[in-house]
Amino acid sequence: MAEHMLKFITLPQQTPKKRAATERRADFAEIYEDFEPKAAEEQASRCSQCGIPFCSVNCPLGNNIPDWLKLTTEGRLEEAYELSAATNTFPEICGRICPQDRLCEGNCVIEKGFESVTIGAVERYITDTAFEKGWVKPIRPAQERHQSIGIIGAGPAGLAAAEWLRSEGYQVTVYDRHDRVGGLLIYGIPGFKLEKEIVLRRWKWLEDGGVKFVLNADIGGKIPFADLRNAHDAVLVATGVYKSRELGGPGAGLPGIVRALDYLITSNRKGLGDAVPDYDSGLYNAAGKDVVVIGGGDTAMDCVRTAVRQGANSVTCLYRRDRQNMPGSLREVSNAEDEGVTFTWLSAPEAFLGDDKVTGVRAIKMHLGLPDASGRQSVEQIEGSSFTVKADLVIKALGFDPEDLPTAFNEPELKLTHWGTLKTHPRTFETALSGVFAAGDIVRGASLVVWAIRDGRDAAAAIHHQLSHAAQAAAAE
């Protein structure tokens, strides 16, 4: 091991090259270039192979990171891919969009000054190479089972569950309200972070493995929820959370103030070649406009960087806390700053100005106080510190809440928590309805893609456990 690893002392940390900001502002292509094989092997060799791998411990999927880093260093990439894919349904996606600075890389034990291993970039390199070399094979179960599983939602939780269950031989059908598979992976995350071909490639892979998809599915409407339950031995609800949090105050209803998800979906649909009247009309198009984005999460970062690429005149992000307390990835903040975004920290909107449409945001300066009940520092207004930011387009990126699924599905027996998420048994993932399970953000609340994958896989295992025991009990009678 010493021959191949522990090279963090002699080799500096290096990420794949980023395209120049002036170049990447002009398109929606991914900003990071691919790792060259030699560079990937060298960066993987920086791993210290520590006794307690905190990178794995702090990965929601518990990925065997030190092991596949070592295999990469040794040039055993096919084995590295198999090990990576054993715990992660979509390594190439997580390698692109996970906030590694807060998870695996942020917990690397290599001391500061030497800097952590570039885990995410190597993870992406391994699986991209596996696809290129033909190592990623369609799912081929060892045996086929007659039981059928219906999954509502083709986002990361639903797709992860579909892959796990299909691998066990179940007949899996995934239903989704959209016309493409991927959920927010396809419609919420911009191409400069995750090119759409990466998601579409996985869609085809799942279909080739026998997973069926029913798109434009109106569950609770044209497809009654009761019919879905009757058609399958188990149903998994993995719809995610799409309801945008609103922002009040004077002028909050002015034209030109839009929701982040509507804005991102419109932009992504345009990039996919769809006809998008709301983009062409300028409603969700930042071209030539002064744009203000309110929020500090990853969705806000997606919005500011999308506005830059659409040709905005200026882009300002208002966030009520400071850089250190923002929930979004600091790597994304740095990328946005490189691309010309202005961050106005410790600032919150008071009112929206304009008559027929928004013309500006009146904001007030904030300061951080003592920690609140959640442990985060509270924010308080500084009296007399109001200022105005010019804006033709204001994008609200304040996070997401769950939709009212009992009403949407016309199924009042589905029980909710006081947060509005689906109430499930913590170990079995089963809802108040027998045979109906739930996983992902609709249970956890808005969270990371990697957590959705983990929840989808765990829910699939729980469904398998219950159906297997039921089958054994029936056979014994």
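Summary of computed values
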item	result
Structure-derived Rg and Dmax of the Cα atoms in Å - corresponding label in (i) 21.5, 74; (ii) 23.3, 77; (iii) 26.9, 91	(ii)
Karplus 3J(HN,Hα) series, Hz, for region 228-243 with 6.51 cos²θ - 1.76 cosθ + 1.60 (x for Gly, Pro)	5, 5, 5, 7, 10, 6, 8, 10, 10, 8, 9, 7, x, 10, 10, 7
Three-way shape label, region 55-117, alpha-carbon gyration tensor, a/c 1.5	oblate
Ranked packing of 418-424, 167-173, most packed first, by mean Cβ within 10 Å	167-173, 418-424
Neighbour cut-off at most 12 other Cβ (10 Å), DSSP loop, trypsin sites (Lys or Arg not before Pro), region 50-132	112
Estimated distance in nm for a label pair at residue 243 and residue 179, the labels positioned 7 Å out from Cα along Cα-to-Cβ	2.7
Shape call, region 189-330: gyration tensor on alpha carbons, a/c limit 1.5	prolate
Under 24 Å from the Cα of residue 17 - lysines, other chains or at least 8 residues apart	7, 38, 70, 112, 133, 193, 196
Cα gyration tensor shape of region 155-255, rounded if a/c is under 1.5, else prolate or oblate by comparing a/b with b/c	oblate
Additional length obtainable on full extension of the chain from residue 468 to residue 322, 0.36 nm per residue less Cα span	47.5 nm
Residue order for 136, 122 - accessible surface, 1.4 angstrom probe, largest first	136, 122
³J(HN,Hα), Karplus 6.51/-1.76/1.60, whole Hz, each residue of region 405-417, x for Gly, Pro	5, x, 6, 4, 8, 6, 9, x, 6, 5, 9, 10, 7
Phi-based couplings in Hz for region 50-58 (Karplus 6.51, -1.76, 1.60; Gly and Pro marked x)	5, x, 10, x, 5, 4, 5, 4, 9
Ranked by how many other beta carbons lie within 10 Å on average, peptides 453-461, 77-85, 50-58 from highest	453-461, 77-85, 50-58
Sequence-distant lysines (8 or more away, or on other chains) whose Cα lies within less than 30 Å of residue 423	212, 222, 243, 396, 415
Percent antiparallel among DSSP beta bridges (both partners in the chain, rounded to 5)	40
Region 44-90-region 130-161 distance, computed between alpha-carbon centres (Å)	22
Extension gain (nm, one decimal) between residue 425 and residue 372, 0.36 nm per residue minus Cα-Cα	16.1 nm
Sequence-distant residues sharing a close amide H with residue 353 (under 5 Å, placed H)	359, 360, 361, 362
Paramagnetic label zone (point 7 Å from Cα along Cα-to-C-beta, residue 58; backbone N under 15 Å) in region 318-339	329-331
Of all accessible heavy-atom area on region 412-452, the percent that carbon and sulfur account for (1.4 Å)	56
Inter-centroid distance (Cα atoms) of region 384-463 relative to region 236-271, Å	16
Gain upon complete extension [residue 137, residue 207; 0.36 nm per residue less C-alpha separation]	24.0 nm
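The values are calculated or read from the model by the stated rules, or taken from the named source; none is laboratory data. All figures in this text were calculated on a predicted structure; none of them were measured in a lab. Glycine also receives a Cβ, built like all others from the backbone with ideal geometry; neighbour counts cover every protein chain displayed. With ligands, DNA and RNA removed, areas are computed over all heavy atoms of the protein, side chains included. Shrake-Rupley method; radii C 1.70, N 1.55, O 1.52, S 1.80 Å.
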